[in-house]
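Colleague: Take a look at the following structure, please.
The values are calculated or read from the model by the stated rules, or taken from the named source; none is laboratory data. Note that the coordinates shown come from a computational prediction; the quantities given were computed from them, not determined experimentally. Heads up, the Cβs are rebuilt from the backbone with ideal geometry, glycines too, and the neighbour counts pull from every protein chain shown.
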Amino acid sequence: MASSPPAAADAATAADATSFREQLDAIKTLCQQDKLLLAYRALCTLEAQLITPENTCRVSDEDDVAAGEAADMLAEINTNHDIRVMRATAEAVLHVREDLDAVEAWTLQRQDDNSTTYYRLEDDSPFVCVRVEGWIDEPLRQIMAVLYEVEYHPEWLPSAFSLGVAESRVVYNLHRTKLWTHMRVRLPWPFSNRCGDLFVDGVDCMEPTEARRQIVIMMNSVNDDTHLEALRQRFGRTDLAIPQDAADAGAVPLEVTHTAFLLTPAEINADMDRRSGTFVQFTARIDAKFDALPACAINVGVKNLAHLLIARMAEQARKVPSDARYQACMAEHSDFYDFIDQRMAECGLARTD
């Protein structure tokens, strides 16, 4: 096979490098716009192009140039902080999605007109795994308000027999879609209360390229120096510190991981069972540090409380338009709600509240 003339080869190499650079710059822009899933899929495409044989196998001088540029680009990708955060976040979202798709991995615990609840036991693990899902007919904006206005969570999160969330508040507002929250869970005597700090990360998965267009709200514990330092670096905030509340004296820290709310509007997802409303899924993996209780007792308690979640959320969402407290909070946090309105409009979702 005849080789390309050197000038033609140089031109092709330069065109490829420009194309790669344009792709990488576009990915960085998507990260800044909080379109992390779209950025991640573009990154996977770019990386696949960069590691093709013609960019990694050095045969001629021209190949050396192409391989060198590809290696430099891959090194830049691997060391860019925003891209590393985007990759980790997107892969966590995909992990949650895949876990929910694996229906055979879950055991049905309870089902009624409002909700379906599943659980899963992990061998030799203290974690309780719960999944609850159902439909809410209230506007998406009102559902988002119920979740975003953290201080009102104790009003609607399920509780029973002196077990429930006693306090929930924002510790740091890190970004319009990213919060550090603190919660205290009340337990009946003789058990100590539980407390926890959570990093709440809203992820935009609403692009038409997504098989399931939805909002994913990830929640994970901030309970040690490793988590703390990661957040300090991510947001450039050296002032971040795990709060030491007097009200938490004697409380035992919870551990929360791979926990999320997924909100899927039917109007922009043609494969849904319904044509309107929002399909809400909640999946949680929690270690409540109950060494003295049998795992089966913990699972039964948490699963039965979790089953009430969708109905309580729907009830609270209905109150939002007429509740002066919510309206005041939504006005104060207008940057978040303006962003939600903008994304809904871009996705063809009408604001109906």
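Colleague: I'd like the full set of residues that are of a type in the set (Asp, Glu) and assigned to a loop (DSSP other than H, G, I, E, B), limited to the range 183-232.
Modeller: Once the filter is applied, which keeps residues that are of a type in the set (Asp, Glu) and assigned to a loop (DSSP other than H, G, I, E, B), the range 183-232 yields GLU207, GLU210, ASP224.
Colleague: Select, from ILE242, ILE217, the only residue that is farther than 16 Å from ARG169 by Cα and either surrounded by 15 or more Cβ atoms within 10 Å (Cβ to Cβ) or modelled with pLDDT of 95 or more (or both).
Modeller: ILE217
Colleague: Which condition number in (1) touching a helix residue (DSSP H, G or I) at 6+ places or on another chain (Cβ under 7 Å); (2) among the basic types (Lys, Arg); (3) touching a residue at least 40 places away in the same chain (Cβ under 8 Å) is the one that ARG97 fails?
Modeller: With (1) touching a helix residue (DSSP H, G or I) at 6+ places or on another chain (Cβ under 7 Å); (2) among the basic types (Lys, Arg); (3) touching a residue at least 40 places away in the same chain (Cβ under 8 Å) applied to ARG97, the lone miss is (1).
Colleague: Go through ALA70, ALA66 for me and flag whichever is modelled with pLDDT under 85, outside the structural domain of ASP204 (by TED's automatic domain parsing) and either under 19 Å from ALA92 (Cα atoms) or in contact with a Leu (Cβ under 6 Å, 6 or more places away or on another chain) (or both).
Modeller: Within the list ALA70, ALA66, the selection yields ALA70.
Colleague: How many residues are without any contact (Cβ under 8 Å) to a residue 24 or more places away in the chain and among the aliphatic types (A, V, I, L, M) when one looks only at the range 155-199?
Modeller: Total meeting the criteria: 2.
Colleague: Is it the case that ARG120 is basic (Lys, Arg) and either out of contact with any Phe, Trp or Tyr (no Cβ under 9 Å at 6 or more places or on another chain) or touching a residue at least 60 places away in the same chain (Cβ under 8 Å) (or both)?
Modeller: No, not satisfied.
Colleague: Any residue at all in the range 245-263 that's in contact with a helix residue (DSSP H, G or I) (Cβ under 8 Å, 6 or more places away or on another chain) and hydroxyl-bearing (Ser, Thr, Tyr)?
Modeller: Taking every residue of the range 245-263 in turn, none turns out to be in contact with a helix residue (DSSP H, G or I) (Cβ under 8 Å, 6 or more places away or on another chain) and hydroxyl-bearing (Ser, Thr, Tyr).
Colleague: If GLU138 satisfies every condition in (1) surrounded by fewer than 21 Cβ atoms within 10 Å (Cβ to Cβ); (2) in contact (Cβ under 8 Å) with a residue 12 or more places away in the chain; (3) assigned to a loop (DSSP other than H, G, I, E, B); (4) more than 20 Å from the chain's Cα centre (by Cα) but one, which is the exception?
Modeller: Every listed condition holds for GLU138 apart from (1).
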